[in-house]
């Protein structure tokens, strides 16, 4: 029996008559890297927003570790261990790289909202922050102002702050979007590295990334599940190739 960490049952979201996510049944296995792919407008980010309750489902269920979390608020879901990153880089530009990671770690102190406390009270987090920076290959940038980081390194920093919140399930929304080849390769290797002992669900457009590291792929089209399986199966599926026609068919067939 497979160990399912996250499951959706007929997950649906309608906006004034438009169905953005249509009866999606998703099963994410513990320890896997699972990709959610599909053409633009397929409902991938909407799906992410439903899983983290940034949007309220019209109908259907979301189960995490077998528990129904459909009624839970975003903060409750995060506390249970579902932590997401966003398409747009979400870091504090005028803090150092290490200070950004320390913010992610503050939750463990129970002082997240104690803004009047001295910065020295966070010094106890420095060792863990440096361990996380080492995990994402950012040790040499610890004292760099985040605004001065190259784009790909900012995404690595986001992954470090996400890891600081000790996720059981990481949701990565387009982690390589807008990157050149070198950054894509670095961030892809990084995702593979940090996936050890964790579960990752990611929305991703780059088929080279998906083919290289994902255990399972779910393809959405017009909000509905079109196909699911390993990359080798999904990339040869005629329905999937047709859905991508004119955009990334060549990438689907030739990305290895």
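The values are calculated or read from the model by the stated rules, or taken from the named source; none is laboratory data. Please read these numbers as outputs of a predicted model, since none were measured by experiment. So basically every Cβ, Gly included, is an ideal-geometry build from the backbone, and we count neighbours across all protein chains shown.
Remarks
- Residue count for the stretch 187-208, restricted to those that are modelled with pLDDT under 90 and not in a loop (DSSP other than H, G, I, E, B): 2.
- Of all residues in the stretch 213-233, those satisfying the criterion of being free of Cβ contacts under 8 Å to residues at least 40 places away in the same chain and either within 20 Å of residue 185 (Cα to Cα) or touching a helix residue (DSSP H, G or I) at 6+ places or on another chain (Cβ under 8 Å) (or both) are 227, 228, 231.
- Filtered by the rule that a residue be at pLDDT 70 or above, assigned to a loop (DSSP other than H, G, I, E, B) and more than 16 Å from residue 163 (Cβ to Cβ), the stretch 86-139 gives 92, 93, 94, 95.
- If only residues of the stretch 32-62 that are touching a helix residue (DSSP H, G or I) at 6+ places or on another chain (Cβ under 7 Å) and assigned to a loop (DSSP other than H, G, I, E, B) are counted, the one that is surrounded by the fewest Cβ atoms within 10 Å (Cβ to Cβ) is 54.
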